[in-house]
Structures are given as C-alpha cells and as structure tokens.
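Enquirer: Right, I'll just put the structure down here and ask away after.
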Amino acid sequence: MATSFFALFSIGQITAQTPATVTLVKAARLLDPRTGNVLSPAAVLIENGKIKEVGPPSQVQVHAPAGVKIIDLGSATLLPGLIDSHTHLLLNVNVPAEAEMTRYGFFQPALLLAVAAKSPAERVLLGAQMAHEDLESGFTTVRNLGHSGIDGDAALRDAINAGRVPGPRILASARKLTPPGGYFAALNPAVADPIVREEFLEVASSDEGRRAVDANFFYKVDVIKVVIDDDGAGITAPVLAAIVEEAHRAHKKVAVHAGTTIAIQIAIDGGADSIEHGNDVTDEQLKLMRDKGIFFDITPTFWNGFLNKVYEGTIVMSPELKTRMGAIKGRRHPANVSFVQRIMKSGAKFAVGSDMCWFVPGKTRGEATAMIFAALHDDAGMPPLDVIRSVTTNAAEMLGWQDRVGAVEPGKFADLVAVAGDPIADVTELERIRFVMKGGQVVRNDFASH
Ligand SMILES: [Zn+2]
C-alpha cells in the first residue's frame, strides 16, 4: 500500500515539472498585434516554457540545438495567446425565464441558485471545467473578477499552476467588495447572511474596505474587484480610495465595476486601475480616464443578439422580450458603434473582457467567450487589429502582466495560438483557434493530423 502510494506520488512530481526541452514552432505567418506587422514565414524558439527567439526560420533555426522538437503549423497564422480580462469561471448560469426575470431581475435568480444550491467545492470543480474549455479555445490567461465561492478562483489558479488540472493562467480576485448586501439586497434578511458572505465582502466604510482587501490577501489574490452601486450610495470615492491605497501597498490593481455616470465618477475619483463595463461613460470622463491612465474594460457580452441566441436554444420568448433583448444578427447597432468609437477616439486605454458567466446551449465556455469577437467587430465596428489588441497587448498591460504575456517576444511565456486563415481579414477566425500552446506545452493542435 505504502509502495503504490509512493509510486503515484513520484509520477505526480514528474508530470508537474516543466521538462527542460527546446521547441521550434514554425508557421507561414506571425501577427504582431502591437504593430500590426506580419512576419512571414515565422519561427519561434522556445526554451523551458519561455520564448527565446522570434524571427524568420532561416535565422532562428541556426540557434536551435540538435534534436530540437519542431512543430510545423504550415500555412497557419500565429498570434499571442488570448487574454480574457473579465470572466467568471465559477458561474455557468441559465438566463432566467421571462416571468422570473420580470419578478426578480436579470442576474439575481441565477446567482442565488448558484450560491445557495451549490457548495463552494462544487463550484470550483465547475470552474475547472470552464477553465479547461477556455484554454481549448485559445484563452491562455484570464482575469477572474469574483463570484468565486470565497476563494475558489485562487484555489483553481494554484491547482493549474501546480499542473494538477489544465487551464489558463488565472488572476484571481476571490470575493468582490460590495456595499452591504452585495447583489442580494432583495434577499430575505433572515437567511441572507451566509449566502452574501460566500460571494461578497461587505464594505460600508474605509476601515471595512481595508479589512476586506486584507481578507482577500489571505488567499493571495492577484487583483481586487470592487462594485460601485448605480446610484453611488454604497461605496463612495473616499472609501474606494482607501481600498485602492491598501491594494496598491501590496502592488495589486483594483478593478471597479461601474455602469452609470455617477458610479464611473466614483471609480475615477477613487483611483480605480480599470473600470469594468462603463456603459454610461461621458466624453469628459473618458478624458479623465486617459489623463489618469485608467483602463476601460469593454464587456460586449450581450451585443450582437447574444441573449436571443441563448433563448432560442431554451425557451419561448414573447415578441416584446425578443425585441428588447436582441439586436438583429449581422446588423451594426448604432449605440454600440458610437460607444466603441468614443472610447477609441478619446485616447483612453482599453481592453475587452467577456464577463462570461452564462450557459450557452451548444457551446463550450471557450466558444461562448469567443462570441465577443463578432460582437466587437460585426455589431460595434471595432477594426480587427484593435479587437486582437484588446485581448493581447492591451489586456496584458491592463493586468500589469505586460512583462510575461500578450506578445510573442523573447522573455515572455510561450503562450501561442494559431488560426488557419487571416484574422485581420476575418476576425471570426478567432472563434476557430486550431493550435494552443501554454508555457511551451501544446494544449491543442488540429494542424497535426493533416
Ligand atoms: Zn462581471
């Protein structure tokens, strides 16, 4: 018994180590999102999980040792691994039915079911599945902004880093800092407390804000997520400033959920590092964000008729709801076009996050997340190169990880993806990622069988 246990333990040790191998990846094209330049043909030399050299194969091959492992992707286009800067791996919830939504709102029924009907352990195992599915679709780094069942995202991050389960690099935030009640303000107070506490850290003062940051530090979070109320009555600018000060002391960034103009102003005044969603942002606020270097994290989750696509696979909608929920497929939505144009014209830094937490019939989590590319381009008119920057170079900078991910450059992690076609000509190529490498390890290679 002792012997077999020891044998298993040894195998685990070996597989958890990164083998000291050298790999050469070759492809017809390599797109640099920062410049838009294409290197053709291209080779990437990888040593111990990191990129050592990038250039034409004739040049790079000279520096490859004898016996180097060669991965030839033929006519494919290589890109940096994709980054989803706003996701919720530990939620995979059904869009509420029409009658339920009318009575309880859009998010609360789903969230309540996820927290009250599942244990934190079940949720982290769900998160492991979502993480694996994201990685299979080319998302090699994700920032998980809350809904973590206390510390589920931090535990998942550590399990992935230890090689126990497959998944992207995760920046974990553990519990969201919210005003008292969190998203459950309408919940019966007699039963609300433990439900609220699993999901949120309630903050009503600067001291509570600092304590909440420290509580999350216990789980070694990578980022702090704060929610500002739409009416600005909950967490105020001075309270947010205290939270930011405490987080920055430990060199952690603060991502702030803010939708309304009032909430966005609190986020700006309180010193947020990024503003999530930002739906009602004014041009004046965009200028302030540019001047202060605050990132705009665009979340196009529901654009491009997303909810109609989800509903069509599940329940019958009234004609009224159908009109309310859906943009018509393939037609640009003027409000989304002007939203994206205003952000891009302002000079404020921006990235994109999926905010994916929904179960989409017939799609894996990765495939559901990849719906953002068509949403940004087809529905909002964002040029393909900017779409790609939003999930590579720009996102890496927003996360503070520009030294390790987001570009195919020497010294960075060897996180690469490849598509068959040209993503600048057709950005939906990103929905069809055929090669994924994370840290020099091949996760997926659909080109290999051809
Ligand atoms: Zn979110």
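Read the figures in this text as sums done on the coordinates, not as results from a lab. Quantities reported herein were computed from a predicted structural model and do not represent experimental measurements. Here the Cβ positions follow ideal geometry from the backbone for every residue, glycine too, while neighbour counts run over all protein chains shown.
Enquirer: How much of the DSSP bridge set in the chain is antiparallel, in percent, rounded to the nearest 5?
Expert: 40 percent
Enquirer: Using only alpha-carbon positions, what ratio does the radius of gyration of the range 32-175 give when scaled by 2.2 N^0.38 Å?
Expert: Here the Cα radius of gyration is 1.41 times the empirical estimate.
Enquirer: Something else now. How about the range 183-229: which chymotrypsin sites (Phe, Trp or Tyr not before Pro) there are in a DSSP loop, with at most 11 other Cβ atoms within 10 Å of their Cβ?
Expert: When the chymotrypsin sites (Phe, Trp or Tyr not before Pro) of the range 183-229 are filtered for loop state and at most 11 Cβ neighbours within 10 Å, PHE218 remain.
Enquirer: When the Cα atoms of the range 168-294 are enclosed in a convex hull and the volume is divided per residue, what value in Å³ results?
Expert: Dividing the Cα hull volume of the range 168-294 by its residues yields 116 Å³.
Enquirer: With the crude spin-label approximation of a point 7 Å out along Cα→Cβ, what separation in nm comes out for ALA99 versus PHE217?
Expert: Here the modelled spin labels are 5.0 nm apart.
Enquirer: Over the Cα atoms of the range 359-450, what radius of gyration and what Dmax do you get, in Å?
Expert: Cα-based Rg and Dmax for the range 359-450 come out at 13.9, 40 Å.
Enquirer: Please compute the modelled spin-label separation between SER119 and ALA233, points set 7 Å along Cα→Cβ, answer in nm with one decimal.
Expert: Each label point lies 7 Å from its Cα, and together they span 3.8 nm.
Enquirer: Where the eigenvalues come from the Cα gyration tensor of the range 275-433, what are the semi-axes √(5λ) of the equivalent ellipsoid, largest first, in whole Å?
Expert: 27, 21, 14
Enquirer: Of the cross-linked pairs LYS363/LYS438; LYS292/LYS345; LYS50/LYS176; LYS252/LYS292; LYS176/LYS309; LYS26/LYS50, which ones have a Cα-Cα span greater than 24 Å in the structure shown?
Expert: LYS50/LYS176; LYS176/LYS309
Enquirer: Relative to 2.2 N^0.38 Å, what does the C-alpha radius of gyration of the chain come to as a ratio? Two decimals please.
Expert: Compared with the compact-globule rule of thumb, the chain sits at 0.99.
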